[in-house]
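Below is one structure, written out as structure tokens, with a few remarks after it.
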Amino acid sequence: MATYHLQVKTGKRGQAAAHSAYISRTGKHGKGEKGGDLLATGAGNMPSWSQGDPKTFWRASDKYERANGSTYREYELALPAELSLPQNLELVQEFLHEVIGPRPYEFAIHAPNAALGSVPQPHAHVMTSGRVSDHIERSAEQHFRRYNAMAPELGGCKKDSGGQHRGQMKEALVATRESWADLQNKHLKLHGHDSRVDHRSLKAQGLARQPERHLGPARVNLMSEQDKSNYMASRTQRVQNQPQAMTL
């Protein structure tokens, strides 16, 4: 059954290149079990100085972005298990078009098995920079300088969140969450599935039950086989009782 999850994270200076390696399963992240869950990667809207290579871009962000600035923003998205990999790729591409727009981005699709139940959990990581290209040629260092409104060619690229207050940023996040739900429902319907997702909280949906807790591998390893069986039975019953409203 389709589940809803969208989480937005930001990275500090010195974290972008390492996180890019993590989502693309390169370097040390390409070894062992973790490296085997990678299904697809891609990148786009990179400035000319990066030569289309996201690793070059994120290394420059780590080096030149101002000390108190975010080097990247990440959208972590649960993908519908009902859809095939090509279908989920179409879904991610539409998210990139609708939400990321002209910003530089790198994405990866992972499908690790759940710690409990051994079923695939497809999800996408989308890393993006807040600096939007204005088609002015800049060096890597200048790209990350402070924006100059009077003479844009002398400063860096403008950040899409520049000048926004906290309320505006919250409204933008709510709009993104709703857009992601709408896109999933569009593609589920397109491919003949009845499942639907809802970006709202369980309370906002009028549902009294508590959201399901994420157990994680460490906690699952401490459970007995009977505990695991009871948990899976309880999960199945919750899904059957509320077939359209399971939210993570």
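The values are calculated or read from the model by the stated rules, or taken from the named source; none is laboratory data. Bear in mind that the values here come from a model prediction, so they are computed numbers and not experimental data. In this analysis, Cβ positions are derived from the backbone assuming ideal geometry, glycine residues included, and neighbour counts consider all displayed protein chains.
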By residue number, the members of the stretch 68-104 that are farther than 27 Å from Glu141 by Cβ and of a type in the set (S, T, N, Q) are Ser84, Gln87, Asn88, Gln93
Does the stretch 48-61 include one or more residues that are closer than 19 Å to His5 by Cβ, of a type outside the set (Asp, Glu), touching a Phe, Trp or Tyr at 6+ places or on another chain (Cβ under 9 Å) and not in a loop (DSSP other than H, G, I, E, B)? no
Is at least one residue of the stretch 122-129 in contact with a Ser or Thr (Cβ under 8 Å, 6 or more places away or on another chain), at pLDDT 95 or above, assigned to a strand (DSSP E or B) and under 25 Å from Ala17 (Cβ atoms)? yes
Test: Pro86 is modelled with pLDDT of 95 or more and either over 23 Å from Gln121 (Cα atoms) or in contact with a helix residue (DSSP H, G or I) (Cβ under 8 Å, 6 or more places away or on another chain) (or both): no
Report the residue count in the stretch 133-142 for those that are assigned to a loop (DSSP other than H, G, I, E, B) and more than 24 Å from the chain's Cα centre (by Cα). 6
The lone exception for Gly156 - which of (1) surrounded by 16 or more Cβ atoms within 10 Å (Cβ to Cβ); (2) in a loop (DSSP other than H, G, I, E, B); (3) modelled with pLDDT under 95 it fails: (3)
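Per-residue answers, yes or no, for (1) of a type in the set (A, V, I, L, M, F, W, C); (2) loosely packed, with under 15 Cβ neighbours inside 10 Å; (3) touching an Asp or Glu at 6+ places or on another chain (Cβ under 8 Å):
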| site | (1), (2), (3) |
| --- | --- |
| Lys55 | no, no, no |
| Asn88 | no, no, no |
| Gln93 | no, yes, no |
| Ile100 | yes, no, no |
Failed condition for Leu77, given (1) assigned to a helix (DSSP H, G or I); (2) closer than 26 Å to Leu190 by Cβ, with all others met? (1)
Can you work out which of the residues in the stretch 14-28 that are of a type in the set (A, V, I, L, M, F, W, C) and surrounded by fewer than 17 Cβ atoms within 10 Å (Cβ to Cβ) is nearest to His123 (Cα to Cα)? Ala21
Can you say whether Leu83 is in contact (Cβ under 8 Å) with a residue 24 or more places away in the chain, crowded, with 20+ Cβ neighbours inside 10 Å and either out of contact with any strand residue (DSSP E or B) (no Cβ under 8 Å at 6 or more places or on another chain) or acidic (Asp, Glu) (or both), as far as the supplied structure shows? yes
Residue under question is Val99, and the condition is that it be of a type outside the set (Gly, Ala, Ser), outside any loop (DSSP other than H, G, I, E, B) and touching a Phe, Trp or Tyr at 6+ places or on another chain (Cβ under 6 Å); does it hold? no
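Residue by residue, here is whether (1) at pLDDT 95 or above; (2) among the acidic types (Asp, Glu); (3) over 15 Å from the mean Cα position of the chain (by Cα); (4) crowded, with 18+ Cβ neighbours inside 10 Å holds:
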residue: Pro120; (1), (2), (3), (4): no, no, yes, no
residue: Phe144; (1), (2), (3), (4): yes, no, yes, yes
residue: Met150; (1), (2), (3), (4): yes, no, yes, no
residue: Ser161; (1), (2), (3), (4): no, no, yes, no
residue: His165; (1), (2), (3), (4): no, no, yes, no
residue: Ala172; (1), (2), (3), (4): no, no, yes, no
residue: Asp182; (1), (2), (3), (4): yes, yes, yes, no
Criterion violated by Phe57 - all others in (1) within 22 Å of Gly130 (Cα to Cα); (2) modelled with pLDDT under 95 satisfied: (2)
